[in-house]
Amino acid sequence: MKNYFVIGIIACLPWQIRAAITINIEAELLKTGLGQPMPSSGLVLLVANISQMPQPWNEALKYRLELKRWDLTSSGGGGGLGAGLFQGTTGPLTFGSQGYAGWSPGQLLELLWFPTLTLDSTVTVGTRYGEYSHNGEYYYFKGLNGGAAWVTPPDGSTITLKFFTMDATILNSSGENSPSFGNALHVMGPEPQTCGVVAGLLCLGYGVLRRRFVRTKATGTGAGCG
């Protein structure tokens, strides 16, 4: 009788039974905007695109859920292999647990790196960063260099994501990505609402100046007029 009671409770509460997933990552070469290996103090983030829509390179992190952060040092979880080299793991992560609301299997995964930030930094507008996800292409469901696809796996999975550029020599000597893919070429922009407000103010200012110019021209007043 007790066994049936326990089974009944478990059946009614399936959300409580979750198997953790683990995501391992290997990357070389992560670089600055000038193409130099990123310093070991630089910040690395693994994020999930919870909007399920491709995001502009310069959009803020509104639709990206941070899953884990590291730097390249051993103490920071990045392996301590040197500048531009990263080897880290998320450890066990559980869907629906605190801090991971909205994250689910099938959502795109992205690796972001910030050469000028550190492990404790907050990402702000104007920060330069690099990004890799390898989605929306032929290899959407097949990662390069033997790695998994950059997609959130099913519950209970352990996967390894790999990002190697053609100039990698330590973790992999046959990277399949162009060397420029490792450069931090993007700049974190404002959220869409902020862009809309700024654009609206610019349009309003232009309208006011244009009306003033037309009115001045019609009355024949202004600089150079008698």
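Okay, here's what the table says:
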| item | result |
| --- | --- |
| Failed item, numbered, when residue 67 is tested on (1) touching a helix residue (DSSP H, G or I) at 6+ places or on another chain (Cβ under 7 Å); (2) over 18 Å from residue 184 (Cβ atoms); (3) crowded, with 17+ Cβ neighbours inside 10 Å | (1) |
| The stretch 54-100 - residue that is more than 17 Å from residue 151 (Cα to Cα) and of a type in the set (A, V, I, L, M) and, of those, modelled with the lowest pLDDT | 60 |
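The values are calculated or read from the model by the stated rules, or taken from the named source; none is laboratory data. Owing to the predicted nature of the structure, the values given are computational and were not obtained by experimental measurement. Don't worry about glycine lacking a Cβ; one is built from the backbone with ideal geometry, like all the others, and counts go over all protein chains shown.
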